[in-house]
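The values are calculated or read from the model by the stated rules, or taken from the named source; none is laboratory data. What you see is a predicted model, and the numbers here were worked out from it, not measured in a lab. Cβ: placed from backbone, ideal geometry, glycine included. Neighbour counts: every protein chain shown.
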Amino acid sequence: MSQTSDLHAPLGILQEVFGYSAFRGEQAAITDHVTAGGDALVLMPTGGGKSLCYQIPAIARHRQGRGVAVVVSPLIALMHDQVGALEEAGVHAAFLNSSLSSEQAQHIEREMMSGRLVMLYAAPERITNTRFLAQLDSLHERGLLSLFAIDEAHCVSQWGHDFREDYLLLNVLHERFAGVPRIALTATADEHTRADILARLQLEDARIFLSSFDRPNIRYAIVEKDNPRGQLLRFIRDEHEGDAGIVYCQSRKKVEETAAWLEGEGIPALPYHAGLDAGVRQRHQDRFLREDGITMVATIAFGMGIDKPDVRFVAHLDLPKNIESYYQETGRGGRDGAPADAWMTYGLADVVNQRRMIDESPAGEEFKRVQRGKLDALLALSEAHDCRRVRLLAYFNENAPPCRPYQNLCDNCLHPPATWDATEAARKALSCIYRFHQNGGQRFGAGHLLDVLRGKRTDKVTQYGHEALSTFGIGADLSEQQWRSVLRQLVALGHVVSEGEYNTLALSDSARAVLKGQVQLLLRVPAEAPKKGRSSKSG
Ligand code: ADP
Ligand code: ZN
């Protein structure tokens, strides 16, 4: 074999251009397939090495005289980084986006039309505009359109977390440029999204390359919410003093408050959310990337396209939207392969909030139904008493063994939780809600319900005469924490709905089966709660 032919082959390019010695996982098969002109759908977790899957075929095909590869990417920042790195490695690449002057754009178009360019990155709305399509026609006619790579392909799916209208127009590529191979890539692997990508991009004939989504170096833990700030602080102090990490919160306000509070406790922390000035956001992001040991407290606005290898923990103070989001966000930890923690606190209020956000969204019923299903899957993961990793991967249709001894054990594998049969307790809680309703038709929130069940004579109990209810004190045998867990389950399972400004509780139709004892409820025994600061903040 001559050396020149090696340099046209994927492995030769990997070594010569990128300086890596071997392919990872499916990369070898993917680059062979696409270089040979095949279509592909690549499902690979974040950090798995998706970029090389299209960059190497693009280089190989350019060396075969096949011209320019067009890379569709939704993120300007990412285009910028990738093009910079490619040019650094001696690969002629460029991007077209609104940040360029018209002279710059014209220069890049000339490079493209001559076929000299190896890779052109652009956003979907540019690729599907008439003028650009005409340019691609010209390249295509001259045999100088080498391939299309569609990055973040899940954006085509409206079930996903970042649907983009413009991605739908990309089906034009298949119709208009026959014979040009297409490779779609994503880190989202649930069934719905996968089917959507195949159908909408007309990739039915593509070969599917599914990598394992297991991140063996990530340790998963989901703890019951009980003074969440204190729990977070203890977690950081005990396990991550001086480490870089990300703390996700749902609201901007909470981001700012939490960051300020951590700072006050001596943990270097910065806030990040879309409401901050662009300059401030950039500064905070730069510091997080450059300095050691910064905790970024952020909304989900932070993360996409951030490639910091040594993030040692990702904490969630609020429940994410669904398992895909949880997986994406926790996946930002441990990209360097060293151990990282995915840690989350979770409580009744999270369930209520997420349910309400779906209910109140302007979306159609079908969409809401899917979103509820996705939330339920996440709730099941949160309440699970068996291996989190198994649950997580099962969601992506992957049949994984529980955390093995030489891996980083999830919380449930490390300390298998005891379970108790909460069926009776659930019936008591439901009948108590039922009694409230009978007794004056009023609705009450979780706190009052627990007081009545546990037989506490509070002012409110006396005011409503609730000590006279047959359910008063029938739950004195259980702790407040156990009751919260029961109630959370009942809401998570949809037997109880929490409504209105005051989160009052009502029975749903499905509660009947529980009341009749037809549904068994097996719950984890709550971990022994720390004494300090566990008064009224649980939720
Ligand atoms: P993804 O897009 O899937 O999140 P990237 O393409 O950004 O992942 O790759 C993640 C990291 O892994 C990058 O730093 C990349 O250079 C590195 N990488 C990818 N493939 C290999 C390989 N075969 N050998 C060594 N490093 C690799
Ligand atoms: Zn496990």
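The table that follows gives values for the structure above.
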quantity	calculated
Count of segment 370-408 residues which are of a type outside the set (A, V, I, L, M) and either closer than 23 Å to Val525 by Cβ or not in a loop (DSSP other than H, G, I, E, B) (or both)	16
Some residue of segment 109-123 being part of a helix (DSSP H, G or I), modelled with pLDDT of 90 or more, over 18 Å from Ala58 (Cβ atoms) and of a type in the set (A, V, I, L, M)	no
Single condition Gly447 does not satisfy, out of (1) touching a residue at least 12 places away in the same chain (Cβ under 8 Å); (2) assigned to a helix (DSSP H, G or I)	(1)
Condition broken by Tyr327, with the remaining ones in (1) more than 16 Å from ligand 2 (Cβ to nearest atom); (2) in a helix (DSSP H, G or I); (3) of a type outside the set (A, V, I, L, M, F, W, C) satisfied	(1)
Filter pass, Arg194 being part of a helix (DSSP H, G or I), loosely packed, with under 14 Cβ neighbours inside 10 Å and charged (D, E, K, R)	no
All positions within segment 46-58 that are in a helix (DSSP H, G or I) and buried (at least 23 other Cβ atoms within 10 Å of the Cβ)	Cys53, Tyr54, Gln55, Ile56, Pro57, Ala58
Residue count, segment 293-324 (criterion: part of a loop (DSSP other than H, G, I, E, B) and either farther than 17 Å from Thr345 by Cα or free of Cβ contacts under 8 Å to residues at least 12 places away in the same chain (or both))	12
Qualifying residue in segment 415-433 (condition: basic (Lys, Arg) and in contact (Cβ under 8 Å) with a residue 12 or more places away in the chain)	yes
Filter pass, Asn412 being of a type outside the set (D, E, K, R), away from ligand 1 (no atom under 16 Å from the Cβ) and modelled with pLDDT under 90	no
Some residue of segment 466-482 being over 26 Å from Met357 (Cα atoms), modelled with pLDDT under 90 and buried (at least 16 other Cβ atoms within 10 Å of the Cβ)	yes
Boolean, Ala94 is within 16 Å of ligand 1 (Cβ to nearest atom), modelled with pLDDT of 95 or more and crowded, with 19+ Cβ neighbours inside 10 Å	no
Residue that is farthest from Asn322 (Cα to Cα), among those in segment 393-427 that are more than 29 Å from the chain's Cα centre (by Cα) and buried (at least 20 other Cβ atoms within 10 Å of the Cβ)	Ala425
Selection from segment 450-468 of residues that are of a type in the set (D, E, K, R), under 20 Å from Ser498 (Cβ atoms) and without any contact (Cβ under 8 Å) to a residue 24 or more places away in the chain	Asp451, Lys460
Only one of Leu11, Leu86, Leu43, Leu78 that is touching a strand residue (DSSP E or B) at 6+ places or on another chain (Cβ under 8 Å), in contact (Cβ under 8 Å) with a residue 12 or more places away in the chain and surrounded by fewer than 23 Cβ atoms within 10 Å (Cβ to Cβ)	Leu86
Residues that are more than 9 Å from ligand 1 (Cβ to nearest atom) and basic (Lys, Arg), drawn from segment 44-63	Arg61, Arg63
Segment 34-64: number of residues that are within 15 Å of Arg207 (Cβ to Cβ) and either within 16 Å of ligand 2 (Cβ to nearest atom) or over 29 Å from the mean Cα position of the chain (by Cα) (or both)	4
Complete set of residues in segment 109-136 that are among the charged types (D, E, K, R) and in contact with a strand residue (DSSP E or B) (Cβ under 9 Å, 6 or more places away or on another chain)	Glu109, Glu111, Arg116, Arg126
Residue match in segment 367-381 (condition: modelled with pLDDT of 90 or more, touching a strand residue (DSSP E or B) at 6+ places or on another chain (Cβ under 8 Å) and more than 16 Å from ligand 1 (Cβ to nearest atom))	yes
One residue from Ala9, Ala40 being of a type outside the set (D, E, K, R) and at pLDDT 95 or above	Ala40
Top-ranked residue of segment 124-147 - restricted to ones that are modelled with pLDDT under 95 and assigned to a loop (DSSP other than H, G, I, E, B), ranked as farthest from Leu75 (Cα to Cα)	Asn129
Count of residues meeting criterion [surrounded by fewer than 17 Cβ atoms within 10 Å (Cβ to Cβ) and of a type in the set (Ser, Thr, Tyr)] in segment 129-157	2
Segment 364-394: number of residues that are within 16 Å of ligand 2 (Cβ to nearest atom) and out of contact with any Pro (no Cβ under 8 Å at 6 or more places or on another chain)	10
Members of segment 10-43 that are closer than 25 Å to Phe213 by Cβ, outside any helix (DSSP H, G or I) and away from ligand 1 (no atom under 13 Å from the Cβ)	Gly38, Asp39, Ala40, Leu41
Residue in segment 332-348 that is more than 16 Å from the chain's Cα centre (by Cα) and part of a helix (DSSP H, G or I) present	yes
Criterion violated by Asp341 - all others in (1) within 16 Å of ligand 2 (Cβ to nearest atom); (2) among the acidic types (Asp, Glu); (3) over 30 Å from Gly475 (Cβ atoms); (4) surrounded by fewer than 20 Cβ atoms within 10 Å (Cβ to Cβ) satisfied	(4)
